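Take a look at the structure below.
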Protein chains: 2
Amino acid sequence: MTRLLPLADEPAPERADAARNREAILTAALRLVETRGVGCVTMDTVAAEAGVGKGTLFRRFESREGLMAAVLNESETAWQARVISGPPPLGPGAPPLERLLAFGHSRMRVNVTHGDLIRAATGHDPVRSRAAAGFALMHVRHLLGQLEVTGDLRFLAFALLAPLEAMALEQQRVDGISLEQIERAWDDLVARVVG
Amino acid sequence: MTRLLPLADEPAPERADAARNREAILTAALRLVETRGVGCVTMDTVAAEAGVGKGTLFRRFESREGLMAAVLNESETAWQARVISGPPPLGPGAPPLERLLAFGHSRMRVNVTHGDLIRAATGHDPVRSRAAAGFALMHVRHLLGQLEVTGDLRFLAFALLAPLEAMALEQQRVDGISLEQIERAWDDLVARVVG
DNA sequence: CCTCGAAACGGACCGTGGTCCGTTTCTATT
DNA sequence: AATAGAAACGGACCACGGTCCGTTTCGAGG
């Protein structure tokens, strides 16, 4: 006996087969997504491709949405790393305003290129979405703080991010607004907000 | 023979039975939505309740999303009327800034109370969503114009509306921000934008 | 009133997301 | 190595959105 009571935040040790399967599923899902496109990837297909039962998919990733979020996370993490410790102006080292603008542009680009995947991963359940957007929210809020903006920074950060979200971009695109236009207009919005 | 060529924008005359059925479906859907809640209303249920076949539902309203949009539209229209010709400050007569603030608050309230229905009606398809948001977008843009704001009014209007959308509100709510906070912070945002 | 083509109807059918539960596999303990 | 029980597995099963197509109903000429 090694321990009497489980520590509260025990990292939930994962069984070997479980880990193996998770890896297989994620790999299969990624492959299928980038070959067939998000829309044509069914849970049955992924299960078959990964060589596991469908139940296993749903045990590890709650739902289709959750699986897509996991797939998305792979690239998202790399992007976050670039923001946190990459070269300026996206990474640290540049003045806050430049960083903020660079961040917005970068985020926009990410949201455009991964649009389909993001929409598939971002269901109508707001709780799940929160996690994904949390990082961006925190970062913008941080930069606004550095810029000595006054007011409800949490809301202002949210408001700046909202029109750059994948669905928002798509909506503006069908309204006939180009990405360049959005980029310029967003810079203008930032200028007004930081005062 | 009354006409040789159909006029280009002929309003597509509707057959009597079709009209009757549409009415029945809409009524049934509304009843079910407000008794059971949006989440528990299936297309089969609506069809049964309305006394029509499922195929009929999908002929008239494209999809579940479309049906919900139609249901939503009933109340949305009334709201639009209040904006266009109701008493100030929401309706005309008040100074533009007051109208803008009143509009934001009202829109927020609508988005909160009809949140479920809106989420059900607003699928991942951005094209459908555009129509619904179009009115609000146009109105805010109009008010910004009256306030002599310079810049890309279309984008600014969009940016002001985005954080008030149903899903955005829900997201902020789970982040622990109260509606009063949002309201105040939004007023502040407006002040910065109209400069 | 009859005719006839167009439009609408309706319900069997399908694909897909999600669940359930009997079976298998792992691993800590002795 | 044997044991036990917790965890994971997997595929049959279900519900719901959406389609298809043979049948019925409408209503404009005649």
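The values are calculated or read from the model by the stated rules, or taken from the named source; none is laboratory data. Model, not experiment: these values are computed from the prediction. Here the Cβ is made from the backbone with ideal geometry for all residues, glycine too, and neighbour counts use every protein chain on show. All accessible areas refer to the heavy atoms of the entire protein, side chains included, with ligands and DNA or RNA removed. Shrake-Rupley method; radii C 1.70, N 1.55, O 1.52, S 1.80 Å.
Of all residues in segment A:36-78, how many are in contact with an Asp or Glu (Cβ under 8 Å, 6 or more places away or on another chain), more than 11 Å from DNA strand D (Cβ to nearest atom) and under 18 Å from residue A:21 (Cβ atoms)? Talk me through it step by step, then tell me what you get.
At the first step, the residues of segment A:36-78 found to be in contact with an Asp or Glu (Cβ under 8 Å, 6 or more places away or on another chain) are A:37-39, A:54, A:65.
From what's left, more than 11 Å from DNA strand D (Cβ to nearest atom): A:37-39, A:65.
Next cut, under 18 Å from residue A:21 (Cβ atoms) only: none.
Going through segment A:36-78 one residue at a time, the tally reaches 0.
Among residues belonging to segment A:57-69 that are buried (at least 19 other Cβ atoms within 10 Å of the Cβ) and part of a helix (DSSP H, G or I), point out the one that is nearest to the chain's Cα centre (by Cα). Quick ask: steps written out before the conclusion?
Initially, segment A:57-69 is screened for residues buried (at least 19 other Cβ atoms within 10 Å of the Cβ), giving A:57, A:61, A:67-69.
Narrowing further to those that are part of a helix (DSSP H, G or I): A:57, A:67-69.
Details: A:57: 21, A:67: 13, A:68: 11, A:69: 8 Å.
The residue in question is A:69.
Hey, could you check segment B:23-42 for residues that are assigned to a loop (DSSP other than H, G, I, E, B) and more than 12 Å from DNA strand C (Cβ to nearest atom) and say which is nearest to residue B:56 (Cα to Cα)?
Looking at the filtered set, the residue picked out is B:41.
Mind checking whether some residue in segment A:165-175 is in contact with a Gly (Cβ under 6 Å, 6 or more places away or on another chain), modelled with pLDDT under 95 and either open to solvent by 10 Å² or more (accessible area, probe 1.4 Å) or not charged (D, E, K, R) (or both)? Spell out how you get there, then give the answer.
Our first condition is that a residue be in contact with a Gly (Cβ under 6 Å, 6 or more places away or on another chain); within segment A:165-175, this holds for A:166.
Next, from what is left, pick out any that are modelled with pLDDT under 95: A:166.
Narrowing the set further to residues that are either open to solvent by 10 Å² or more (accessible area, probe 1.4 Å) or not charged (D, E, K, R) (or both) leaves A:166.
Yes, the conditions are met somewhere in segment A:165-175.
For segment B:160-195, which positions are β-branched (Val, Ile, Thr), farther than 13 Å from residue A:155 by Cβ and facing another protein chain (nearest Cβ under 7 Å)?
Going through segment B:160-195, the residues β-branched (Val, Ile, Thr) turn out to be B:174, B:177, B:182, B:190, B:193-194.
Still in the running and farther than 13 Å from residue A:155 by Cβ: B:174, B:193-194.
Listed by number, the residues that qualify are B:174, B:193.
How many of the residues making up segment B:8-46 are more than 18 Å from residue B:121 (Cα to Cα) and surrounded by 19 or more Cβ atoms within 10 Å (Cβ to Cβ)? Talk me through it step by step, then tell me what you get.
Applying the first criterion (more than 18 Å from residue B:121 (Cα to Cα)) to segment B:8-46 yields B:8-21, B:23-24.
Now narrow it down to the ones that are surrounded by 19 or more Cβ atoms within 10 Å (Cβ to Cβ): B:21.
Count: 1.
Checking the conditions here, which among A:99, A:109 is surrounded by fewer than 18 Cβ atoms within 10 Å (Cβ to Cβ) and of a type outside the set (Phe, Trp, Tyr)? Before the answer, list the steps.
Values: A:99 fails: surrounded by fewer than 18 Cβ atoms within 10 Å (Cβ to Cβ).
Result: A:109 is the single residue among A:99, A:109 that is surrounded by fewer than 18 Cβ atoms within 10 Å (Cβ to Cβ) and of a type outside the set (Phe, Trp, Tyr).
Would you mind finding the one in B:15, B:20, B:64, B:59 that is within 14 Å of DNA strand C (Cβ to nearest atom) and within 14 Å of chain A (Cβ to nearest Cβ)? Walk me through how you get there before you give the answer.
Values: B:15 fails: within 14 Å of chain A (Cβ to nearest Cβ); B:20 fails: within 14 Å of chain A (Cβ to nearest Cβ); B:59 fails: within 14 Å of chain A (Cβ to nearest Cβ).
Matching residue, one of B:15, B:20, B:64, B:59: B:64.
Among the residues of segment B:150-160, write down those that are within 19 Å of the chain's Cα centre (by Cα) and open to solvent by 10 Å² or more (accessible area, probe 1.4 Å).
Hits for segment B:150-160 are B:154, B:158.
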